[in-house]
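The values are calculated or read from the model by the stated rules, or taken from the named source; none is laboratory data. Bear in mind the structure is a predicted one, so any value in this text is a computation, not a measurement. Positions of Cβ are generated from backbone atoms using ideal geometry, with glycine treated the same way; all protein chains shown enter the neighbour counts.
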Amino acid sequence: MPVPSLPERFFPFFFFVIISLLSSCIQSRFVLGFVNRMRFLIVSFFVLIPLFLFAGKFEEEIVPLLKNSCLKCHGGEKTKGKVDFSGILTERAAGDHLDLWETVIEVVELGEMPPEEEKPLSTDERAKIRTWRDEFMRLPIVSSIPVFRPRRLSANEYRNTLGSLFGFDLEVGIARAEQTESGEKSLVLKILPPDPPGQSGFFNDTHSTPLSSSLLESYAYLAGISLDRLFSIQGRDFLARLTRQKDNWNGEITPDLADKVVRSFLPRIFRRPVGEERIESIVKKLKGKKGKALVAALKFELKAALISPEFLYRGFLAEPGGDKGRQAVDPYELAERLSYFLWEDMPDEELYESARNGSLGKKGEVGRQIARMLTDPRARNLSESFGVQLLGLSSIDDQIKNNPIHLHAMRTQPRDFLHYLFTEDRPVMELLDSNVTFVNQSTSGFYGNDRKRLAPFHKPRGVERQRTMNQRLEIKEAEGRGGILTMPSILSMNHGPILRGTWVLRTILGVRLGEPPADVPPIKPVPRGKKMTFRERFEAHRDNVTCARCHEKIDPIGFALDGYDKNGKYLLASHHKRGNQPAIDTSGKLPSGEQFEDFEGLKNILTTTKKEQVIRNLTRKILSYALGRKLGRGDQGVVEEITNKATSENSSWKELLIEVANSPPFREIVYEQEDTK
Amino acid sequence: MSRNWKIERRTFLRGAGALLPLPFLNLMEANARSGDLHSSDPPLRFMTLFKPNGVHPPSWNINGGKENDFRMSPLMQPFAKHKDDLLILDNMGDFGFSSHSNSTRRFLCGHHQNSRSASVDQLIADQVQGDSPHRSLELTTEGLFVNQIGCSYISYDKKGGMIPRESDPQLIFDKLFRNPLSDPAKRAEMTSLLDRVSSDAKTLERKAGVEDGDTLDEYFTALRETELKLEKMGPLDQGLESSKFNRLVRPLAPSNLDEQVNAMLDVIAMALWTDSTRCISYMLGNSNSRMIFDFLGIKKQHHYLSHFFRNFSRENIDSLLKISLWHMEKFDYLLNKLKSYKDHNGRLLDHCVVLYGSGMGHSDNHTAQRLPVVLAGQGGGKLKTGRYLRYSKNQELGRLHLSLLDLFGVEQDSFANAQQPLPGLDGGTFDEFVERPFESWVKVDSGVMTVQGRLRMSDNLDEAKVFYIDVAGRDSIRMEIGFGDFHSRNVAYHVGTPIKLTGKTVEKNGLTILNKITGLESLFGRSNPGKAGG
C-alpha cells in the first residue's frame, strides 16, 4: 500500500471530526442533557487542536518502519504469530489495535523483534515507536462506531432460535444415566461445528468464521428435520397454538391454515414484519395444492426461509432511517440485539410488540425490558454462555475426566453463582466478595459448619450415585470462602500459584500478559541441605528481568491463593493449623504498591483500590459480548463513561447490563453504504 | 448408479406379508415387476444385541432340557414364540468372575485379555461388506460410562481400540436413507431449494451496502459450492425414479427409552433389509447400566437392582426381572421385525445371524459362566435352529466366535483362547451335557455340617438370596449365607452342579440352616473357578 497522499492522510482526521460532532448530537438525544452537550462541544474543540498537530505522524514515521522491518514476516503473505500489519497502515486502523502496540513495544524494547537474523532497529527507531504510541494514547478519545456488519448466528444462538421458533429442542436420542457422559445433548450443537472465539474472544463474534458449504448443508438438514417434526403429530399442539386452531382440530393442513402458517412463521423467522408482497409470493406458490403436496410445498417454503441469509445472519434486514451514516438502530434490530444479548435467543412476543408499537425507543423502556428479561428462564443463557466465556469456565470440563458427578458439581457452582448475580440485581463487586454461594452434596464439604443449614440431600434407595442440585447457602462461619475466587471449582480449575495469578490478572483485572518466552530458564533445584518452599525457589527465578516483567504481577496474587490446595480445600482454616506444618506465606505486595498479609487482604484491595479496574474490565467484556465484536478505540469513551458511573454508584450487574444496552454502540448503527447496486 | 439394480433385487418381495408396514407395499410391487428372482444368493447379515447387567440365573437357565426337548425358561417367555428360529446355547463361558468392563470385551472378543484384536462383528464386517454402502453400524442406547470406559463398548477395531457408538435412531435413519449423497430425491429437493434461496437473496443483494455485500458474498459462495457438489453427483432424472428409500418411514423423536430402542430396532431392520449394511452391533445399555426404567414404574438404578443378592428385597428382584423381561421383549421385537421383511424368496431372518446375550451370567457376583447366549436366524441355512445346546463342559466364548467366523467365511485358526470352533451349531454332533451320577449325603458333627449334593438357588422370589443343596431322600439343606461367603466362595459359579460343602449351622424355626461356609469343593468342575475381577 503506498503512503497516502496528503488529503488522504487527513481523511481520518476529518472523519473523526464529523463523527465526534455527530455523536455529540446523537448521544445527547439518548444520554446527555443540554449541559453535557455544550461541554462536549467545548471539549471537542480542544480535542481538535492536538489532533491537528498529531495527525499523520503514524503514516509518516511508523509506517516506513513497519515496511522496512516488520511486513516481511507480519503482513501480506506471511503472518507469523498471527500478527498482520498489512491491514494496520493507517492511524485509524492502528487505533483499533491498541493492545497490539503494547506487545510491539515490549518485544522491540527487549530486542526480541526483529529476530536475530534480521537487521535490528536502531535506538532512534525504537524510541520513535514508543513516542508515537505514548502520544497517541494521550490523544483524547473520540467515540465512534465502526460500520455495522451482519453477523451469522452462533451455534448456540441458532440452537436457541430454532427451539423458540418451533417450540421444541432437537436433542440427541440417547438415554441419560447417572455417572454416564452422554455427550452433547443438543442435536444442533452436535451437528454444527463449534464456533471458534472471534477477535473479541467471544463465540458470538462469528465475523471471522465464514459460512461454508458444509455448514449450509447442516443448516438445511436441521431445518428439514425441524419441519418434519413440526408437521408430524409431535408438532401438532404447537402448530395449533401458534395458528389458534380449535381444540378439535384433526391436524389437517388446509389451504387456509397453510396461509396462516406462512403469515405467522415468516415474521418470526426473520424477526421482523415481512412485507405483504413477499408473503403473497409464497402463498401464491401454495395455491391449488392440498393434502400431502400442500404440506410438502409449505415445508419447502419454510425451509427456504430457514436457510436464507436473513435468518442465518443478524442485521441484514436492519432498516436505515433515511440517510446513511450514524443513526439509531430500527426498533426490531434493537429488540433483536437485546434478546441475543441477554438470552442468546430471538425476541419473544413482548419484545417484538414493544418494537412494533414504538415503545422500545422510549426512555427507560430498554431498562424495563431488561429487568423483565432477566426474570425469564432464558436469562440462564447469560451465565451459561457469557458467564462461562467471561471466566473461561469450560476448562473445568478438561480438568475432570472421569467423574461426571464431581464434574457436574464443579461446573454448576460458578454458573449458578453468576446466574444469581446477574438476575437478582447483585452489586457487580459481589463477584469477588459475596457471602452467598451455591453448593451441592459434592461441594458442601468445603463449607464447614455452614453446610449444616442445607436441606438434606435426599438419595432415594436403589440409586447408587446421583448428581444433586445446588442449594443457595449463606456463608457465615466457613473460613476462606466467599466470592468467585474462593470457589473450589475455580481453584481446582487453575492449579498452582502461577496459573491462578495469571487467571485473576487476565480474567478479573483485564491485564494483558504476553505468552512466556520460549527460552524460559528452568526453576533452579533446591541447593543441597537446604529447605525451600516453591515460593522461595520461585522468587529466585524472578530475579531474571525477563521473567520479572510478568511475574511481579502474577506471583503476589498467585501466592496469596496458596492457602488453597489443588482441589480448592482451604488449608489455613483454624482447625487445620496443627503440628509443625510449614506455615504458608500468603502475604505479598502488588507492583502498584499495595501490601497485604493474606488472601483476605488481597481481596480487600481488589474490591477497593482495584475496583475501578475490575469494573472497567467487566464493562469491556460485557460491551464486547453485547456487540459481538472486538472493541476499538472509538469505544473507549463509552467504556470509561460506564466504568465511572458503575464504580461511583456501586452498580449492580443489572444496572451495568442496562448501561451497556443504552450505550451508543449498542443503540446506534453506522451505514456507510452506497445505494447503487 | 450401479447400485440401483442391487436395491431392486434385494428388496424383491413376492407377496407382501401382513406384518409389513403399509408404505412398503407399493415399493414391493414395483420390485416384483422388475423380476430378477433367480439371481445369486442373498447376502448374509450379522446382528448382535447386547443385554447389560447379566441375569438372575434361576429365571434364565433351562434346567433338565434336551437338545430337541426343552421348555423355555421364565425369562425366555417374551420370545418363546420364536423357538423354531432359535439356537439356545448353555454352558457358555468359563470364568468364576467377570468385571463389568471385562464382560463387554468378552462378549464379542471371546476373552477380556483378547484386547489387541478386532471383535468378531468387525472381522465379519470386513468379510461380508461387499457392495453394501456402510461397512458396519455400532449402536447403543446409553452414554459413556467414563469411570470404566470399557463398560460402554462391545465392538473393537483391529488394534483392539473402542469403536465410537451412535445412539440416535433418527440420525442413523438419515445417514442411511436421507443423505443427499446417496438419495437422489433428496438431492433434487436440495437443488431446487438452493435455486429458490439464491433468487430470494438476490433482492437482498440489491439492498445491501458495501459492508453487507462482503458477508452476502460469503453466503453466495457457500451456496454455489453446494450447488456444484450436488451437480457432480450426477444427473437427477435417473435418481427420482430409483429413490425407493423415500418410502421408508423415518422414526419419530423418541420420548422414552422404550420408544428409542423400538425406533432403533426399526432402523436396524430397515438397514439390513435394504442391504445398507450387513453388520450391526447394538447395546441395550452399558454393561453396568445405571439407567432408570421409569417407564416401567421403576425408580431404582438397573445396576443397583442387578446386585440382587446384596441389595435383596422382593420389590428389588421384581423390578430387576421386569427390566430383564423388557430386554427380552426387545429381542422379540427385533425378531418380529426381521421376520416381517421378505428377503429374496424367504424372510430377512433366514439370511441373518443374530447373537443375543450378555457377557456375564449371575448379575450379582458377575460369573462368566452359563452366560445367556442365544443365536437366532438361519444364517442362510448354516444354522440349524429350534434347538437347545447344553454343552457337557463350560465352553470358551471364543469357540462360538470361531464358529461364527467360519459361518461367514472368515478363515481363522484361532480366536482369543479358542483353537476349535463350537460344534453342533449346524446340527452336527456335540458333546451334550449328561448328568453324571454322584452320591448325596449329609453329616452333622457338633454344629458343623458337611453335605454333598446339588447346589441350587431358590426359585422362590421372596427368598431369592437363599440357596439349597438337594440331597436324595430328604429335605434340601437350606443355606442362608452372607455376602462375604457368597462372594469369596463364588457360590454362584457352582449353582446347578454337585458340590461338597462344609459349614456351620444354626437352628431357625425348628430347621437346621447352613449359615457359614468353611469349605467348598466341586465334584466334577473347578473348585477354584477364578478370582474376582477375572
*Please work out which residue is surrounded by the fewest Cβ atoms within 10 Å (Cβ to Cβ), limiting yourself to the stretch B:69-110 and to residues that are polar (S, T, N, Q) and part of a helix (DSSP H, G or I).*
B:Gln77
_Here are the criteria: (1) surrounded by 15 or more Cβ atoms within 10 Å (Cβ to Cβ); (2) within 13 Å of B:Ser440 (Cα to Cα); (3) in contact with an Asp or Glu (Cβ under 9 Å, 6 or more places away or on another chain); (4) not basic (Lys, Arg). Tell me which single one B:Ile469 does not satisfy._
(3)
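When you scan the stretch A:415-439, how many residues do you find that are under 15 Å from A:Trp503 (Cα atoms) and assigned to a helix (DSSP H, G or I)? I'd like the intermediate steps shown before the answer.
Our first condition is that a residue be under 15 Å from A:Trp503 (Cα atoms); within the stretch A:415-439, this holds for A:431-432.
Next cut, assigned to a helix (DSSP H, G or I) only: A:431.
Counting residues in the stretch A:415-439 that are under 15 Å from A:Trp503 (Cα atoms) and assigned to a helix (DSSP H, G or I) gives 1.
Which one of A:Phe85, A:Phe46 is part of a helix (DSSP H, G or I) and either at pLDDT 80 or above or surrounded by fewer than 16 Cβ atoms within 10 Å (Cβ to Cβ) (or both)? Walk me through how you get there before you give the answer.
Values: A:Phe85 fails: part of a helix (DSSP H, G or I).
Exactly one residue qualifies, and that residue is A:Phe46.
Here's a check for you: in the stretch A:214-224, which residue that is more than 25 Å from the chain's Cα centre (by Cα) and more than 9 Å from chain B (Cβ to nearest Cβ) is surrounded by the fewest Cβ atoms within 10 Å (Cβ to Cβ)? Walk me through how you get there before you give the answer.
First pass over the stretch A:214-224, keeping only residues more than 25 Å from the chain's Cα centre (by Cα): A:214, A:216-218, A:220-224.
From the residues that got through so far, the ones that are more than 9 Å from chain B (Cβ to nearest Cβ) too are A:218, A:222-223.
Values: A:Ser218: 18, A:Leu222: 20, A:Ala223: 24.
Checking each candidate, the answer is A:Ser218.
Conditions (1) touching a Pro at 6+ places or on another chain (Cβ under 8 Å); (2) within 12 Å of chain A (Cβ to nearest Cβ); (3) in a helix (DSSP H, G or I), marked per residue:
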{"residue": "B:Ile298", "(1), (2), (3)": "no, yes, no"}
{"residue": "B:Leu305", "(1), (2), (3)": "no, yes, yes"}
{"residue": "B:Ser319", "(1), (2), (3)": "no, yes, yes"}
{"residue": "B:Lys322", "(1), (2), (3)": "no, no, yes"}
{"residue": "B:Glu329", "(1), (2), (3)": "yes, no, yes"}
{"residue": "B:Leu335", "(1), (2), (3)": "no, no, yes"}
{"residue": "B:Leu338", "(1), (2), (3)": "no, no, yes"}
*asked:* I need a count of the residues in the stretch A:190-213 that are outside any loop (DSSP other than H, G, I, E, B) and within 19 Å of the chain's Cα centre (by Cα).
replied: 3
*Is there a residue in the stretch B:148-161 that is closer than 20 Å to B:Ile268 by Cβ, within 11 Å of another protein chain (Cβ to nearest Cβ) and crowded, with 22+ Cβ neighbours inside 10 Å?*
yes
*Residue that is in the same structural domain as B:Arg387 (by TED's automatic domain parsing), surrounded by fewer than 20 Cβ atoms within 10 Å (Cβ to Cβ) and of a type in the set (Lys, Arg), where the choices are B:Lys66, B:Lys51*: B:Lys66
*Scan the stretch A:132-158 for residues that are of a type outside the set (A, V, I, L, M), surrounded by fewer than 21 Cβ atoms within 10 Å (Cβ to Cβ) and within 14 Å of chain B (Cβ to nearest Cβ) and jot them down.*
A:Pro146, A:Arg149
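What do you reckon, is A:Pro497 out of contact with any Leu (no Cβ under 9 Å at 6 or more places or on another chain) and either assigned by TED's automatic domain parsing to the domain that holds A:Asp398 or more than 30 Å from B:Ser289 (Cβ to Cβ) (or both)?
The answer is no for A:Pro497.
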*asked:* Of the conditions (1) touching a His at 6+ places or on another chain (Cβ under 9 Å); (2) within 12 Å of chain B (Cβ to nearest Cβ); (3) surrounded by fewer than 17 Cβ atoms within 10 Å (Cβ to Cβ), A:Gln199 satisfies every one except a single condition; which number is it?
replied: (2)
*How many residues are assigned to a loop (DSSP other than H, G, I, E, B), more than 11 Å from every other protein chain (Cβ to nearest Cβ) and surrounded by 24 or more Cβ atoms within 10 Å (Cβ to Cβ) if we restrict to the stretch B:130-146?*
0
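Only residues that are within 19 Å of the chain's Cα centre (by Cα) and at the interface with chain A (Cβ under 9 Å from one of its Cβ atoms): list them for the stretch B:167-201, please.
Quick first cut of the stretch B:167-201, residues within 19 Å of the chain's Cα centre (by Cα) only: B:167-169, B:172.
Passing the criteria: B:Ser167, B:Asp168, B:Pro169.
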*Of the residues in the stretch B:441-466, how many are aliphatic (A, V, I, L, M), buried (at least 18 other Cβ atoms within 10 Å of the Cβ) and assigned to a strand (DSSP E or B)?*
4
*Do you know which residues across the stretch B:266-296 are surrounded by 23 or more Cβ atoms within 10 Å (Cβ to Cβ), within 21 Å of B:Asp343 (Cα to Cα) and within 13 Å of another protein chain (Cβ to nearest Cβ)?*
B:Val267
*Criterion violated by A:Glu181 - all others in (1) over 30 Å from B:Thr215 (Cα atoms); (2) surrounded by fewer than 22 Cβ atoms within 10 Å (Cβ to Cβ); (3) without any contact (Cβ under 8 Å) to a residue 40 or more places away in the chain satisfied*: (3)
*B:Thr502 versus (1) part of a loop (DSSP other than H, G, I, E, B); (2) modelled with pLDDT of 95 or more: which is the lone unmet condition?*
(1)
*asked:* Being surrounded by fewer than 23 Cβ atoms within 10 Å (Cβ to Cβ), assigned to a loop (DSSP other than H, G, I, E, B) and either more than 9 Å from chain A (Cβ to nearest Cβ) or of a type in the set (Lys, Arg) (or both): is that true of B:Arg310 here?
replied: yes
*For residues in the stretch A:231-277 being among the charged types (D, E, K, R) and surrounded by 15 or more Cβ atoms within 10 Å (Cβ to Cβ), which is modelled with the lowest pLDDT?*
A:Arg236
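Can you find a residue that is in a strand (DSSP E or B), within 14 Å of another protein chain (Cβ to nearest Cβ), buried (at least 22 other Cβ atoms within 10 Å of the Cβ) and in contact (Cβ under 8 Å) with a residue 40 or more places away in the chain anywhere in the stretch A:628-637?
no
Show me the helices (runs of 4 or more DSSP H) found entirely inside the stretch A:259-334 where at least 2 residues are within 14 Å of another protein chain (Cβ to nearest Cβ) and farther than 22 Å from A:Gly167 by Cα. I'd like the intermediate steps shown before the answer.
Details: elements: A:276-286, A:291-306, A:309-312.
Correct list: A:276-286, A:291-306.
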*Being at pLDDT below 90 and basic (Lys, Arg) is the filter; apply it to the stretch A:137-190 and report the residue that is farthest from B:Arg165 (Cα to Cα).*
A:Arg138
*Which condition does A:Ala127 not pass, out of (1) closer than 25 Å to A:Leu66 by Cα; (2) within 14 Å of another protein chain (Cβ to nearest Cβ); (3) aliphatic (A, V, I, L, M), if it passes all the others?*
(2)
*Quick one: what pairs do we get from the stretch A:446-469, first residue within 17 Å of A:Thr180 (Cβ to Cβ) and in the same structural domain as A:Ser574 (by TED's automatic domain parsing), second part of a loop (DSSP other than H, G, I, E, B) and aromatic (Phe, Trp, Tyr), C-beta under 8 Å, 6+ apart or different chains?*
A:Thr468/A:Phe457
*For A:Ser587, state whether it is of a type in the set (S, T, N, Q) and under 23 Å from A:Asn435 (Cβ atoms).*
no
